1. Among (1) touching a helix residue (DSSP H, G or I) at 6+ places or on another chain (Cβ under 9 Å); (2) not in a loop (DSSP other than H, G, I, E, B), where does residue A:272 come up short?
2. Looking at the structure I just gave you, is residue A:330 more than 16 Å from DNA strand C (Cβ to nearest atom), within 19 Å of residue A:245 (Cβ to Cβ) and aromatic (Phe, Trp, Tyr)?
3. Can residue A:288 be described as within 16 Å of DNA strand C (Cβ to nearest atom), of a type in the set (A, V, I, L, M, F, W, C) and either at positive phi or surrounded by fewer than 16 Cβ atoms within 10 Å (Cβ to Cβ) (or both)?
4. Return the pair list, or none, for Cβ contacts closer than 7 Å from residues in segment A:169-186 that are among the basic types (Lys, Arg) to residues that are open to solvent by less than 60 Å² (accessible area, probe 1.4 Å), at least 6 apart or on different chains.
5. Please indicate, with yes or no, whether at least one residue in segment A:274-281 is in contact with a Ser or Thr (Cβ under 6 Å, 6 or more places away or on another chain), open to solvent by less than 20 Å² (accessible area, probe 1.4 Å) and of a type in the set (A, V, I, L, M, F, W, C).
6. Please find, within segment A:291-322, the residue that is most open to solvent (accessible area, probe 1.4 Å) out of those that are part of a strand (DSSP E or B) and among the β-branched types (Val, Ile, Thr).
Amino acid sequence: MAQTASTQHSEIAAIDAGAVLDWYDRHARDLPWRVSPADRARGIRPNPYFVWLSEIMLQQTTIAAVRKYFAAFTSLWPTVENLAAAPLDDVLVQWAGLGYYARARNLHACAVAVVDQHGGVFPSTAAALRDLPGIGDYTSAAIAAICHDEVVAVVDGNVDRVVARYVALPSPVREEKPLVRATVQQAVPKRAGDFAQAMMDLGATICAPRRANCLLCPLEPACLGTKTGDPLAFPVPPAKVEKPHRHGHAFVIRHPEGKVFLRQRGPKGMLAKMTETPGSPWSDTETAATFPFAGDWRAAGEVNHTFTHFHLTLTVWSVTADTPLDEGWWAEETMLDREALPSLFRKVLKTSGLE
DNA sequence: AAAGCGGGGCT
DNA sequence: AGCCCAGCTTT
């Protein structure tokens, strides 16, 4: 098919969209929120609510991690109206363990905005989608392309890598976003949704982070990364920063009647509004434990957990008592799945002998 | 422009 | 023990 975009950006290597689509027609991944290229050719359109939900869940996350959450959310809340009507706390319970909890708060705010401001129908253009909570450059483009074939560049981490290799980008991708976007934009065909998903599938299955199966790649003929003999050298990694190590104490208060004391975290910062076991502030140095009340506190072990920008070691202390703290509640030890507990605090409870 | 924000799977 | 993942928001 005609690639007419060559003149204006002669310095940018053209991506052969026809070859990419041909590959996608044969090798598209089958995903719960996706409409296959064959069905799309038959006029079947994806459900924008499912597409949006999957895109939010997939931000900085893997498909393997998302599958169960997507199934649970669509089962509990089949429509955006259902999700908007749910209490935020219920959404946080279902999101617990998936991480980046601002996504869950924005997810709920976005559902409410779609219902209240758009009559329950997701906007159809990337520009309008971009104004909703939790929807940025990538997600707005992805939804508009996948649901409505808007001709926009959909650039996620997969596409960054494919393009960085394709043009043998000598500097970190974050410094060359405009070039990457322009390279994709000039290639977007009429089948924009299939093309967007094809490029991501290509990055996930052929042009993977530590494995490049160039022999099977539709972009191989013009790929400069392959020609260098070492496509895995791209993308060039940014300078890495060392993660500091922080320390703290966690207090597991076990009621004699089979309950454990939990409380809600504050509205800002790490794990905001999520449920936690009581504990000390997290410090750059090791400090002695200051127990919330006198009792037979026993050391249960340590929990090590790594966040995006620091390592954390919590010393876990356990006591059996019926003494509640100022704010919080007693949770049945057999019902902890109903609590909005991040993985860190599930580890704490497990270390104390619960779960 | 840079920093803050989770968690798990793969190598 | 790193690296990376269908990034967004705030400062």
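The values are calculated or read from the model by the stated rules, or taken from the named source; none is laboratory data. Please read all numbers here as calculations on a predicted model, not as lab measurements. Counting neighbours? That spans all protein chains shown, and the Cβs are built from the backbone with ideal geometry, glycine included. These area figures cover heavy atoms from the full protein model, side chains too; ligands, DNA and RNA do not enter into them. Shrake-Rupley method; radii C 1.70, N 1.55, O 1.52, S 1.80 Å.
1. (2)
2. The answer is no for residue A:330.
3. Numbers: within 16 Å of DNA strand C (Cβ to nearest atom): no; of a type in the set (A, V, I, L, M, F, W, C): yes; either at positive phi or surrounded by fewer than 16 Cβ atoms within 10 Å (Cβ to Cβ) (or both): yes.
Considered against the rule, which asks whether it is within 16 Å of DNA strand C (Cβ to nearest atom), of a type in the set (A, V, I, L, M, F, W, C) and either at positive phi or surrounded by fewer than 16 Cβ atoms within 10 Å (Cβ to Cβ) (or both), residue A:288 comes out as no.
4. The qualifying pairs are A:181/A:153; A:181/A:155.
5. Checked against the condition, which is being in contact with a Ser or Thr (Cβ under 6 Å, 6 or more places away or on another chain), open to solvent by less than 20 Å² (accessible area, probe 1.4 Å) and of a type in the set (A, V, I, L, M, F, W, C), segment A:274-281 yields no hits at all.
6. Going through the qualifying residues, I end up with A:320.
Quick grid of which residues meet (1) more than 14 Å from DNA strand C (Cβ to nearest atom); (2) within 23 Å of the chain's Cα centre (by Cα):
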site: A:154; (1), (2): no, yes
site: A:169; (1), (2): no, no
site: A:197; (1), (2): no, yes
site: A:205; (1), (2): no, yes
site: A:224; (1), (2): yes, no
site: A:231; (1), (2): no, no
site: A:235; (1), (2): no, yes
site: A:240; (1), (2): no, yes
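Listed here are the residues, each with its yes/no results for (1) open to solvent by 20 Å² or more (accessible area, probe 1.4 Å); (2) in the same structural domain as residue A:26 (by TED's automatic domain parsing); (3) over 23 Å from residue A:54 (Cβ atoms); (4) aromatic (Phe, Trp, Tyr).
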| site | (1), (2), (3), (4) |
| --- | --- |
| A:158 | yes, yes, no, no |
| A:165 | no, yes, yes, no |
| A:192 | no, yes, no, no |
| A:208 | no, yes, no, no |
